1. So which of Ala289, Ala239 ends up being within 16 Å of the ligand (Cβ to nearest atom), under 30 Å from Glu355 (Cα atoms) and of a type in the set (A, V, I, L, M, F, W, C)?
2. Quick one: Asp93 ticks every box in (1) within 16 Å of the ligand (Cβ to nearest atom); (2) out of contact with any strand residue (DSSP E or B) (no Cβ under 9 Å at 6 or more places or on another chain); (3) touching a residue at least 60 places away in the same chain (Cβ under 8 Å) bar one, so which box is it?
3. Just a yes or no: is a residue in region 309-325 without any contact (Cβ under 8 Å) to a residue 60 or more places away in the chain and either part of a strand (DSSP E or B) or among the aliphatic types (A, V, I, L, M) (or both)?
4. Can Ala383 be described as away from the ligand (no atom under 16 Å from the Cβ) and assigned to a helix (DSSP H, G or I)?
5. Could you figure out which of (1) closer than 20 Å to Arg82 by Cβ; (2) modelled with pLDDT of 95 or more; (3) not acidic (Asp, Glu) isn't true of Arg332?
6. Which one of these is in a helix (DSSP H, G or I), within 16 Å of the ligand (Cβ to nearest atom) and either modelled with pLDDT of 95 or more or not acidic (Asp, Glu) (or both): Trp189, Trp173?
7. Quick one: what pairs do we get from region 157-182, first residue basic (Lys, Arg), second surrounded by 13 or more Cβ atoms within 10 Å (Cβ to Cβ) and assigned to a helix (DSSP H, G or I), C-beta under 9 Å, 6+ apart or different chains?
8. Does region 141-153 include one or more residues that are over 19 Å from Gly62 (Cβ atoms) and surrounded by 12 or more Cβ atoms within 10 Å (Cβ to Cβ)?
Amino acid sequence: MTSTTPPAPAMTRPSRSAPRPPSPVPVLVHLVIWGGAAAVLALWWSDTPSVVGAAGWLTGAGRITGLLAGYACAILLLLMARVPLLDRAIGTDRLARWHAMGGRYVISLACAHVLLIIWGYALESRTGVVDQTTTLVLHYPDLLKGTIGFSLFLVTAIVSVRAVRRRIPYETWHLLHFGTYLAVFLAFWHQLSDGADFTGNRPAQLAWYTLYIAVAALLAWYRFAVPVRRALRHRLYVAEVRPEAPGVVSVYLSGSRLAELRAEPGQFFRWRFLTRGMWWAANPYSLSAAPHPEYLRITVKASGGHSAALAHLRPGTRVLAEGPYGAFTARRRRTRKTLLLGGGVGITPLRTLFETLPGEVVLVYRARRPEDLALRGELDALAAARGAAVHYVVDEPAAYSSPLTAEALRGLVPDLAERDVYLCGPPGMTEAALCALREAGVPRRRVHHESFAF
Ligand SMILES: Cc1cc2nc3c(=O)[nH]c(=O)nc-3n(C[C@H](O)[C@H](O)[C@H](O)COP(=O)(O)OP(=O)(O)OC[C@H]3O[C@@H](n4cnc5c(N)ncnc54)[C@H](O)[C@@H]3O)c2cc1C
């Protein structure tokens with residue numbers, strides 16, 4: 001294998017594409033999801049001639065929560081299937097937030113289902129709750145499997161609680177999270193064999209199988225088959241690693257037919273470097289230069305094990321890249337004027353947008369110290385080439401510091417309220433910027449935000 005030295009980042013001409021109207025996909029996806037939930041409730045309604053007594057109400061509520069939990073499981077997996085249409089129109093970070101919120105619904109519904117069914121059945125058969133639980137788990141078809149699945153869901157829920165998640169390494173959390181695939185598989189069977197709405201109801205069984213098989217097929221295709229096919233086709237490898245700032249390096253990646261990846265400025269890939277100690281992790285990093293037919297570039301700040309190890313990559317190291325992902329692209333633009341607001345290493349996707357977004361663009365780049373302003377030479381050159389303004393704001397020394405307020409932003413960009421804003425930076429800065437932008441009168445729909453933490 002040969003490694004070529006990539007050329008210095010080229011100055012791509014800003015594209016001429018006009019701002020687009022908002023995509024209808026997020027609204028349609030909401031409608032489809034809630035429509036599916038309504039259909040699930042209709043299934044229960046059509047199968048329930050009457051509800052009698054406390055036991056009947058408890059069992060009925062248990063059936064509804066069970067049906068909704070089963071349906072929501074399939075939707076949660078669908079959101080994480082990395083379907084390009086959803087990813088581009090909604091955004092990977094927003095999908096991840098929907099998935100996390102949906103996870104809370106699923107756990108609440110599943111817990112309510114278990115408690116209500118046990119209680120309802122115990123009242124109906126006039127037995128104790130413990131006796132009824134033992135009978136259900138040991139004697140009902142597929143319920144032992146279902147119980148193991150439910151326990152796995154609980155483990156995932158516990159490790160996903162913010163206070164717990166913060167204390168365990170990302171990889172451990174991710175691995176435990178994978179247990180939910182097994183949990184869904186184990187819990188699936190009892191829905192059909194014990195669910196009163198499915199036993200003897202062929203159309204309902206068929207619909208449930210179709211839902212789950214379709215989701216499984218999308219997961220298998222987009223999360224496994226497509227990345228493997230791309231790895232074989234593009235044969236990516238590390239071409240060069242260049243230092244950019246203290247603790248920040250750029251990694252240039254080369255390979256075959258890179259244009260076919262159709263990566264857009266602002267997007268990211270999950271990168272798996274096939275070298276000792278790194279091959280098992282696929283971490284997300286945004287492109288930091290507009291995609292080039294000969295190479296791709298990422299720029300990474302050392303913040304932990306994976307990101308720090310990038311500085312030591314050797315040219316020729318093979319790379320598997322999953323993607324491109326993300327909706328932080330020119331497609332989000334609603335107007336011809338844009339403010340790019342970046343902090344720290346959040347500059348990476350903004351650097352590509354600064355190079356390629358058409359119209360009138362201003363960049364505000366915040367960093368702790370002047371030496372932390374990565375890619376500064378390139379940003380200056382891009383600004384000069386396209387006649388755009390760049391404002392660097394550093395926190396130290398304090399004399400140069402400027403608070404992130406509506407007033408301070410308006411001082412730098414007087415027509416702020418008329419612009420689209422692309423925002424990417426550390427969580428504290430992002431929160432302050434979102435408040436400042438709201439106060440400055442930038443409508444929410446024109447603030448496009450990429451989060452570096454899922
Ligand atoms: C869409 C996106 C684009 C990003 N682009 C860049 C970039 O251009 N440059 C840059 O320096 N950083 C970028 N990051 C952040 C970068 O992915 C993390 O800093 C890096 O993965 C941390 O890994 P670590 O082992 O070095 O640190 P750790 O200490 O192991 O992790 C620190 C935190 O990073 C996150 N993280 C770790 N591994 C993963 C993973 N596999 N998937 C998702 N999140 C993970 C977790 O929130 C974790 O708590 C991006 C993140 C996202 C989500």
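The values are calculated or read from the model by the stated rules, or taken from the named source; none is laboratory data. As the structure is a prediction and not an experimental result, all values here were calculated from the model. Glycine also receives a Cβ, built like all others from the backbone with ideal geometry; neighbour counts cover every protein chain displayed.
1. On the way: Ala239 fails: within 16 Å of the ligand (Cβ to nearest atom).
The unique qualifying residue is Ala289.
2. (2)
3. Yes, some residue in region 309-325 is without any contact (Cβ under 8 Å) to a residue 60 or more places away in the chain and either part of a strand (DSSP E or B) or among the aliphatic types (A, V, I, L, M) (or both).
4. Numbers: away from the ligand (no atom under 16 Å from the Cβ): yes; assigned to a helix (DSSP H, G or I): yes.
Considered against the rule, which asks whether it is away from the ligand (no atom under 16 Å from the Cβ) and assigned to a helix (DSSP H, G or I), Ala383 comes out as yes.
5. Against the list (1) closer than 20 Å to Arg82 by Cβ; (2) modelled with pLDDT of 95 or more; (3) not acidic (Asp, Glu), Arg332 comes up short only on (2).
6. Working: Trp189 fails: within 16 Å of the ligand (Cβ to nearest atom).
Being in a helix (DSSP H, G or I), within 16 Å of the ligand (Cβ to nearest atom) and either modelled with pLDDT of 95 or more or not acidic (Asp, Glu) (or both) holds for just one of Trp189, Trp173, which is Trp173.
7. The qualifying pairs are Arg165/Val159; Arg165/Trp173.
8. The initial filter retains those residues of region 141-153 that are over 19 Å from Gly62 (Cβ atoms), namely 148, 152.
Cutting the leftovers down to surrounded by 12 or more Cβ atoms within 10 Å (Cβ to Cβ) gives us 148, 152.
The answer is yes; a qualifying residue exists.
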